[in-house]
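*Asks:* Let me begin by handing over the structure; questions about it come next.
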Number of protein chains: 2
Amino acid sequence: MSATAKPSADALADRRARAKAWFEDLRDRICLAFEALEDAADPALYPGEAGRFERTPWTRGDGGEDLGGGVMGMMHGRLFEKVGVHVSTVFGAFSPEFAARVRGAETDPRFYATGVSLIAHMRNPHVPAVHMNTRFITTTQSWFGGGMDLNPTQDYQRDKSFEDSVLFHQAAKAACDAHDPAYYSRFTDWCDEYFWLKHRQELRGTGGIFYDHLDTGDHDADFAFTRDVGEAFVKAYPQIVRTRMDTPWSDDDREEQLVRRGRYAEFNLLYDRGTKFGLETGGNINSILSSMPPHARWP
Amino acid sequence: MSATAKPSADALADRRARAKAWFEDLRDRICLAFEALEDAADPALYPGEAGRFERTPWTRGDGGEDLGGGVMGMMHGRLFEKVGVHVSTVFGAFSPEFAARVRGAETDPRFYATGVSLIAHMRNPHVPAVHMNTRFITTTQSWFGGGMDLNPTQDYQRDKSFEDSVLFHQAAKAACDAHDPAYYSRFTDWCDEYFWLKHRQELRGTGGIFYDHLDTGDHDADFAFTRDVGEAFVKAYPQIVRTRMDTPWSDDDREEQLVRRGRYAEFNLLYDRGTKFGLETGGNINSILSSMPPHARWP
């Protein structure tokens, strides 16, 4: 994709501030939606108190220079067994080795990255797990990236033709189609390519969309697309949760869920670029590994 | 270490056969010792039937050319929640990319590797998990490698001065000292260096010994040392199990165990060279990942 004409410093600062504000607003709305689902959960299936998000701010670096940081948002609820919705806004300079591998950082290692990331592991095995992330990154270039993918834990749901996946993909496709008729096809293929467990020759979930380095030359359009991905998530996922949350489950269903979560853990530790990057560069361990499943099985 | 003078083809075949036979004999003795512990487990703490090993042979490749294989031995018992004791003897030619990274295979990719490997995850959180592996590898060179390391799951045991670790290290040291006064110091440091979770800046367990490329020029001595490592394991670990197996445990102890097992899973997937090699080269997934914990937690 063609590079955006270089914006003025003021325009760039404005773009960063607007992206950051939007990711934080999306985080707030998602947390409210998830807490409302916690409240709505049937006590017969989900005993105990409805969960609430706890937010923990963190800063990058040793506290000297301001290198940014973020806010971890975690909920250990009755319906949401473990869910993290995090925002982070970090900046500074990449290490020389890393700068060489990042677009636009080869000659100038300074960067700014702001984003929201989310992973939900649900108590009910019939409610799929989900992952979503959107981000805005600037080096000497700037781009958006992100995506959303659905991760059912039960074999009968692990097919793109299953209604939850159909609904999820339809929402993602609508967000794509509003911006470019080529986006959905490209980004859903990219998702399947990325979330692939090579050693098992299987997909992690039933897909969705994944995109990176989105820089069409029209910043406002790219930002609007990224917002629409967030809106698609807010529209689709709570609806899927509501549809499935009243389905009772058996010990066998739970067992299947825990084994499937083991595969999720395998993906994160063996392949996920964000996890590997965070661990290799001494990021916030708690935040990076907050996506790991609360319980997993390798029978 | 100096390379062994090149043996004749007959001598090499004899070395391979004797190593293979010994690893299989060690496997048999370990399995019997573990099954005896299963039988001896107090039914008040360990309800249900005593477990027995199930052996599953597998072959490498597509069934055309003989590329060797192995026997997975798994027990899901009442005391041994999940234990694998595997032997494998594989041969053929490394891929060009891999051959370039293996000692003595740079100019001739043919190899032969025979070994035994073991990981035990115990039901009782007060009984440490353990890992042991010994192997004999030949390319244009030949060497032994392996080691044994203890993995307590409770913080009060996770110190080298705790009596189980003292006993385990003493057994390893005795095996080392009988062969070379420098071995223990070198191999126990190597163990701590290898089983290091860099992202958490912590050791996986309380160590033991780890060695590789052992080729002193005296094959019989190197083989005798490797046998003594196996004997040290057979002597030390069942004794530790017997000492701890009657200690009752609480839900909190179990929780601590499951969280610690999460770290074990992190090590295997992020760092373990054997796991990574096996997955990257299309090995037997079930066998490679049989070391993963039966239950793990990331709270």
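*Asks:* Output wanted: per-residue J couplings in Hz (rounded whole) for region B:21-28, from phi through Karplus 6.51 cos²θ - 1.76 cosθ + 1.60, θ = phi - 60°, x for Gly and Pro.
*Replies:* My calculation for region B:21-28 gives 4, 5, 4, 5, 5, 4, 3, 4 Hz in order.
*Asks:* Can I ask one more? How big is the gap, in Å, between the Cα center of region A:111-157 and the Cα center of region B:95-148?
*Replies:* Their Cα centres are 38 Å away from one another.
*Asks:* What are the ³J(HN,Hα) couplings of region A:78-85, residue after residue, when phi is run through the Karplus curve with 6.51, -1.76, 1.60 and θ = phi - 60°? Round to Hz, x for glycine and proline.
*Replies:* With the stated coefficients, region A:78-85 comes to 9, 8, 8, 4, 7, 9, x, 10 Hz.
*Asks:* Could you run the numbers on buried accessible area between B and A, total for both chains, 1.4 angstrom probe, in Å² to the nearest 100?
*Replies:* 2000 Å²
*Asks:* Ok, one more. Take every Cα pair under 8 Å in region A:109-201 that's 6+ residues apart, average their separations, divide by the length, and report that relative contact order as a whole percent.
*Replies:* 18 percent
*Asks:* Could I ask something else about it? Please enumerate, by chain and number, the aspartates and glutamates with C-alpha under 14 Å from the C-alpha of B:Lys20, excluding those fewer than 8 residues away in the same chain.
*Replies:* Candidates past the 8-residue exclusion: B:Asp28.
*Asks:* So which residues of region B:279-299 lose at least 30 Å² of accessible area, probe 1.4 Å, when you go from the chain by itself to every protein chain present?
*Replies:* B:Leu279, B:Ile285, B:Leu289, B:Met292, B:Pro294, B:His295, B:Ala296, B:Arg297, B:Trp298, B:Pro299
*Asks:* Right, here's the next one. Scan chain B for the residue whose Cβ is closest to the axis carrying it onto chain A, then write down that distance in whole angstrom.
*Replies:* Of all Cβ atoms in chain B, the one nearest the axis gives B:Leu269, 2.
*Asks:* At a probe radius of 1.4 Å, what is the per-residue accessible area of A:His219, in Å² to the nearest 10?
*Replies:* We get 10 Å² for A:His219.
*Asks:* Work out the length of the dipole vector of region A:155-283 about its Cα centre, built from +1 on the beta-carbon of each Lys and Arg and -1 on the beta-carbon of each Asp and Glu, and round it to the nearest 20 debye. It would help to have the intermediate numbers written out before the result.
*Replies:* Working: 17 positive and 26 negative charges, 59 e Å.
Around 280 debye, computed over region A:155-283.
*Asks:* So if I place +1 on the C-beta of Lys and Arg and -1 on the C-beta of Asp and Glu, and nothing else carries charge, what would the dipole magnitude of region B:1-119 be about its Cα centre? I want it in debye, nearest 20.
*Replies:* 420 debye
*Asks:* I'd like the Karplus ³J(HN,Hα) series for region A:100-105: coefficients 6.51, -1.76, 1.60, θ = phi - 60°, whole numbers in Hz, and an x wherever there's a Gly or Pro.
*Replies:* Once θ is set to phi - 60°, the couplings for region A:100-105 become 5, 9, 10, 4, x, 9 Hz.
*Asks:* Hey, for A:Val259 with labels 7 Å out along Cα-Cβ, what do the inter-copy distances come to in nm, ordered shortest first?
*Replies:* Counterpart label points of A:Val259 in the remaining copies fall at 2.9 nm.
*Asks:* May I pose another question? How large is the dipole of chain B about the Cα centre if only Lys and Arg carry +1 and Asp and Glu carry -1, each at its Cβ, rounded to the nearest 20 debye?
*Replies:* Around 340 debye, computed over chain B.
*Asks:* Measuring nothing but label to label, 7 Å from Cα along Cα→Cβ, what are A:Ser161's distances to the other copies in nm, shortest first?
*Replies:* In ascending order, 6.6 nm.
*Asks:* Here is a follow-up. What aspartates and glutamates could a cross-link reach from B:Lys160, if we take a straight Cα to Cα line under 16 Å and drop same-chain neighbours fewer than 8 places away?
*Replies:* Candidates past the 8-residue exclusion: B:Asp149, B:Asp189, B:Asp192, B:Glu193, B:Glu202.
*Asks:* Same structure again: Pull out a ≥ b ≥ c, the square roots of the eigenvalues of the alpha-carbon gyration tensor of the protein assembly as shown, then state rounded if a/c is under 1.5, prolate if not and a/b is larger than b/c, and oblate in the remaining case.
*Replies:* prolate
*Asks:* Cross-link candidates for A:Lys276: which lysines have Cα within less than 20 Å, leaving aside residues fewer than 8 places away along the same chain?
*Replies:* Of all the lysines, those that pass the test against A:Lys276 - Cα under 20 Å, at least 8 places apart if same chain - are A:Lys198, B:Lys198, B:Lys276.
*Asks:* Sort the following peptides by mean Cβ neighbour count (other Cβ atoms within 10 Å, averaged over residues), highest first: B:64-75, A:140-151, B:185-196. Write down the numbers at each step before the final one.
*Replies:* Values: B:64-75: 15.8, A:140-151: 22.6, B:185-196: 17.7.
Descending mean neighbour count gives A:140-151, B:185-196, B:64-75.
*Asks:* Hey, can you find the accessible area per residue of chain A for me, probe 1.4 Å, expressed in square angstrom?
*Replies:* 42 Å²
*Asks:* Oh, and also: Run the label-point distances for A:Asn286 please: 7 Å along Cα to Cβ, every other copy, nanometres, shortest first.
*Replies:* From this label point to the equivalent ones elsewhere in the assembly: 4.2 nm.
*Asks:* Highest mean first, what order results for A:111-119, B:37-45 on Cβ atoms within 10 Å?
*Replies:* Highest mean packing first, the order is A:111-119, B:37-45.
The values are calculated or read from the model by the stated rules, or taken from the named source; none is laboratory data. Please read these numbers as outputs of a predicted model, since none were measured by experiment. Cβ coordinates were reconstructed from backbone atoms using ideal geometry, including for glycine residues, and neighbour counts include every protein chain displayed. Remember, those area values only see protein heavy atoms, side chains included, never the ligands or the DNA or RNA. Shrake-Rupley method; radii C 1.70, N 1.55, O 1.52, S 1.80 Å.
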